[in-house]
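Here the structure is laid out as structure tokens; the discussion comes afterwards.
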Amino acid sequence: MQIDFPPEFDVRYYKEIYPELNGIPDEAVIVEHARRYAEEQGHSTCILDRSEYLRAFLKSLISENPIKVLEIGPYDNPTCIGENVKYFDVHDEKTLEKMALEAQRPFKNTPKKIHYVEPTGNLKIVNEKFDMVFSSHCIEHQPDLIIHLQNVGDILNDGGFYVLVIPDKRYCFDHFRSEATIFEVMDAHVNSRSLHTFKSVAENECLHTHNNSVLHWFGVHGSAEINTENFIRSTEIYGKSMSGGGYVDVHAWCFTPKVFSGIIEKLNQLGLINLQMHRLCHTVWGRFEFTAVLKKD
């Protein structure tokens, strides 16, 4: 079936959000205004750029249409709910419920069944096709980004979509970490990486800063320090990972909308993935995440 996502820039919506533009009759002037200032100043340009609106759109879409959906990493708050929805996670439903309970989160919302469980996040175990795959704050954890995108492409029907909510490293605890590069992504793939590198673990421990997105937007980024304590902790966590001690929860990649889009574009040029950028919405002021929709070519 045809799924129609709202455009990245909606003039009517933009004027509703910023009524000071209503006195401008020339639509081209408004478009130019958005092109110059929206991303830099974090203006909202459509309903897709705010995760809560994106989730509401997806819930409505799923409830009104017979589409098959796989949600990756639902934890205790799945976005996609319905009889045609299945879930994939590194933990089963009982473990997720226990984790939520220990974290004092609303564990009752945890899915009653995780249909596919794979401790390293390898989607190869999924043996059916879907019209849409959804993940929120998951793709940055994938040790081999290319194989993850290839696997998503394999389980999507032709014309299917991969809908993502992704943290923007500039406005979260990753602020001091370096942005992902295409060469690092290719290196991980050539080396068939299935575990996090020591670099990822150490940066997560040593360069971790606050997660107050509003302060980041105001330029108050806190501080990060490499010291003996967090270096030792890094080696312990990395050693646990290498010895098969279970899932290590760190970010393998740090993205901004431009960085993510550039990597997707380059991977397509190299013929390494069959997912094209369909929608990309920049980070809204005061927020720390952006949204993207990839389409299977």
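Here are a few things to note about the model shown:
- Residue that is farthest from the chain's Cα centre (by Cα) [pool: residues in the stretch 124-150 that are surrounded by 20 or more Cβ atoms within 10 Å (Cβ to Cβ) and free of Cβ contacts under 8 Å to residues at least 60 places away in the same chain]: V126
- The lone exception for D92 - which of (1) in contact with a Lys or Arg (Cβ under 7 Å, 6 or more places away or on another chain); (2) open to solvent by 20 Å² or more (accessible area, probe 1.4 Å) it fails: (1)
- Selected residue [part of a loop (DSSP other than H, G, I, E, B), without any contact (Cβ under 8 Å) to a residue 24 or more places away in the chain, open to solvent by 40 Å² or more (accessible area, probe 1.4 Å) and out of contact with any His (no Cβ under 7 Å at 6 or more places or on another chain)] from E179, E225: E225
- Criterion violated by Y87 - all others in (1) over 25 Å from F57 (Cα atoms); (2) surrounded by 18 or more Cβ atoms within 10 Å (Cβ to Cβ) satisfied: (1)
- Of all residues in the stretch 114-123 being at pLDDT below 95 and on the phi < 0 side of the Ramachandran plot, the one that is most open to solvent (accessible area, probe 1.4 Å): P119
- From K124, K113, residue being touching a helix residue (DSSP H, G or I) at 6+ places or on another chain (Cβ under 7 Å), part of a loop (DSSP other than H, G, I, E, B) and closer than 30 Å to F57 by Cβ: K113
- Residues that are open to solvent by less than 30 Å² (accessible area, probe 1.4 Å) and part of a loop (DSSP other than H, G, I, E, B) within the stretch 253-275 comprise W253, C254, T256, I273, listed in sequence order.
- Count of residues meeting criterion [touching a His at 6+ places or on another chain (Cβ under 7 Å) and touching a residue at least 60 places away in the same chain (Cβ under 8 Å)] in the stretch 234-284: 4
- Residue match in the stretch 18-32 (condition: in contact with a helix residue (DSSP H, G or I) (Cβ under 9 Å, 6 or more places away or on another chain), open to solvent by less than 30 Å² (accessible area, probe 1.4 Å) and touching a residue at least 24 places away in the same chain (Cβ under 8 Å)): no
- Given (1) closer than 21 Å to D144 by Cα; (2) in contact with a strand residue (DSSP E or B) (Cβ under 8 Å, 6 or more places away or on another chain); (3) open to solvent by less than 40 Å² (accessible area, probe 1.4 Å), number of the condition V250 does not satisfy: (2)
- Boolean, N65 is in contact (Cβ under 8 Å) with a residue 40 or more places away in the chain and among the polar types (S, T, N, Q): yes
- Residue within the stretch 128-141 that is farther than 11 Å from I72 by Cα and assigned to a loop (DSSP other than H, G, I, E, B) present: yes
The values are calculated or read from the model by the stated rules, or taken from the named source; none is laboratory data. On a predicted model such as this, the values are computed, not experimentally measured, just so you know. Every residue, glycine as well, gets a Cβ built from its backbone with ideal geometry; the counts of neighbours run over all protein chains shown. Please note that ligands, DNA and RNA were not included when accessible areas were found on the heavy atoms of the full protein model with its side chains. Shrake-Rupley method; radii C 1.70, N 1.55, O 1.52, S 1.80 Å.
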